[in-house]
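Q: Could you have a look at this structure, given as structure tokens, before my questions?
The values are calculated or read from the model by the stated rules, or taken from the named source; none is laboratory data. All of these numbers come straight from a predicted model, not from anything done at the bench. Cβ: placed from backbone, ideal geometry, glycine included. Neighbour counts: every protein chain shown. When the accessible area is computed, the model is the full protein with side chains, heavy atoms only, and any ligands, DNA or RNA have been set aside. Shrake-Rupley method; radii C 1.70, N 1.55, O 1.52, S 1.80 Å.
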Amino acid sequence: MTFYSEKSTALVLGAGGLAGMAYHVGVLRALETFGFRPNECDLIIGTSAGAVIGGYLRKNYSVNDLYQMAVADNGRNMPKVLNRAGNNPVESLPRLMGSLFVASQSLLKLNAERYANSLLGKLPAGAFWLGDGKVKLEHDLGESWPKDKFWTVSQDLANGKRFVFGRDNEKAVNICDGVNASVAIPGIYPPFLFNGRFYVDGGAYSTSNLDLAVLGGYSSIVAVIPMAFDPLRPPNPTQRLLRAFAVKPLSRELHLAKQESIRVSMFRPSNRICDLQGINLMRSDNLAAVESAAFDETMELVNSGRVNNVFAA
């Protein structure tokens, strides 16, 4: 069995918070045992948590490095990434209003070109700051964009359109700008200001954005989507409902890939992993269990032959 064909391969890393990062690490660690080398893919597409993982991979960090950073001791080697903003009571109401605007606009995707920037210039937004997490990201990744293809996905707040750093702008952009824009969870973190426009987490558009690889002409796709679920091992009704916003666009993207005869190897959490991830994907007390289960289930999935057709030469 080989993980590469003579044609191009894209690695798609979806959104999913801290639990999603742990899931990514478990899947990639398992795939490496079969000879898969994530940083050798022709393109890496990262959305939110996937943008962080992809950025580290493109900066030549190993999967083991990611394990030590994001999973070992339940992520205790990571800096705190939820630092409460707006402790000043006078600022609390304006920040709440700004955060509600960002969250609702990210969901509704209205044409707010005339007032979005003006409104956010007056109202702070975001309940939390990345804090030392942002400092670590800038220290570890540096400034230069990777020489190998790397796209991070965000959503333009004013018009609801998808924006892809590394594709829709000059490649000379700072890699941390691309990652920070992709992780700006609406209402949780402030929207990211870049070239006079505000951007939010690419998961607001799609938690997977797999269609970018299809439209880019890549013939083989390896996709790790932590916020979806394995349809053969679905979670409980509550989890299915919460993950519906991830599953629906992914279904459309997979249909497009099928229409174009593109081979897709899909890795999604089972009911067991969904339970381990829980509802709060930013919790850090169960990361090792999520990673371990993701590793085990990926090993089982590949050995069972459910993805062999994708990786065959």
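Q: I'd like the GluC sites (Glu not before Pro) in region 135-231 restricted to DSSP loop residues with at most 14 other Cβ atoms within 10 Å, sorted by number.
A: Answer in residue order: 143, 170.
Q: Could you tell me which GluC sites (Glu not before Pro) in region 1-105 are loop residues by DSSP with no more than 13 other beta carbons within 10 angstrom of their beta carbon?
A: 6
Q: Next question. Out of (i) 47, 21, 19; (ii) 38, 26, 18; (iii) 30, 21, 19, which label holds the value of semi-axes √(5λ) of the Cα gyration tensor in Å that was computed here?
A: From the options (i) 47, 21, 19; (ii) 38, 26, 18; (iii) 30, 21, 19, the structure gives (iii).
Q: Relative contact order (percent) for the chain, with alpha-carbon contacts under 8 angstrom and 6 or more residues of separation?
A: Values: 655 pairs, mean separation 84.9, N = 313.
The value is 27 percent.
Q: Region 48-73 to region 278-295: how many Å between their Cα centroids?
A: Comparing the Cα centres of region 48-73 and region 278-295, I get a distance of 15 Å.
Q: At what distance in nm do the modelled label points of residue 296 and residue 117 sit from each other, each positioned 7 Å from its Cα along Cα→Cβ?
A: With each label point 7 Å from Cα toward Cβ, the separation is 5.2 nm.
Q: Tell me the trypsin sites (Lys or Arg not before Pro) within region 1-109 that lie in a loop according to DSSP and have at most 14 other beta-carbon atoms within 10 Å.
A: Filter output for region 1-109: 7, 76, 80.
Q: Once neighbouring chains are kept in place and the probe is 1.4 Å, which whole percent of the accessible area of the chain is contributed by carbon and sulfur?
A: 53 percent
Q: What accessible area, in Å² to the nearest ten, does a 1.4 Å probe give for residue 97?
A: Taking all protein chains as shown, residue 97 has close to 100 Å².
Q: In the chain, what % of DSSP beta bridges are antiparallel (nearest 5)?
A: Numbers: 12 of 32 bridges.
Of those bridges, close to 40 percent are antiparallel.
Q: If you don't mind, another one. Net charge near residue 98: determine it from the other residues with C-beta under 11 Å of the C-beta of residue 98, scoring Lys and Arg +1 and Asp and Glu -1.
A: Summing Lys and Arg as +1 and Asp and Glu as -1 gives +1.
Q: Now for a different question. Measuring from centroid to centroid over Cα atoms, what is the spacing of region 78-126 and region 186-203 in Å?
A: So the separation of the two Cα centres works out to 10 Å.
Q: Now, a different point. What stretch of the chain, leaving out the sites themselves, is the longest with no chymotrypsin sites (Phe, Trp or Tyr not before Pro) in a DSSP loop having at most 16 other Cβ atoms within 10 Å?
A: 116-313
Q: Under a plain spin-label model, where a point goes 7 Å from the Cα along Cα-to-Cβ, how far apart in nm are residue 236 and residue 132?
A: Here the modelled spin labels are 3.4 nm apart.
Q: Another question, then. Which value, in Å², gives the accessible area per residue of the chain when a 1.4 Å probe is used on the protein heavy atoms?
A: Counting only protein heavy atoms, the per-residue value for the chain is 44 Å².
Q: I want to verify the translational diffusion coefficient of region 91-242 in µm²/s; compute it with Stokes-Einstein, Rh as the Kirkwood radius over Cα pairs, at 20 °C and 1.002 mPa s.
A: Answer from the Stokes-Einstein relation: 128 µm²/s.
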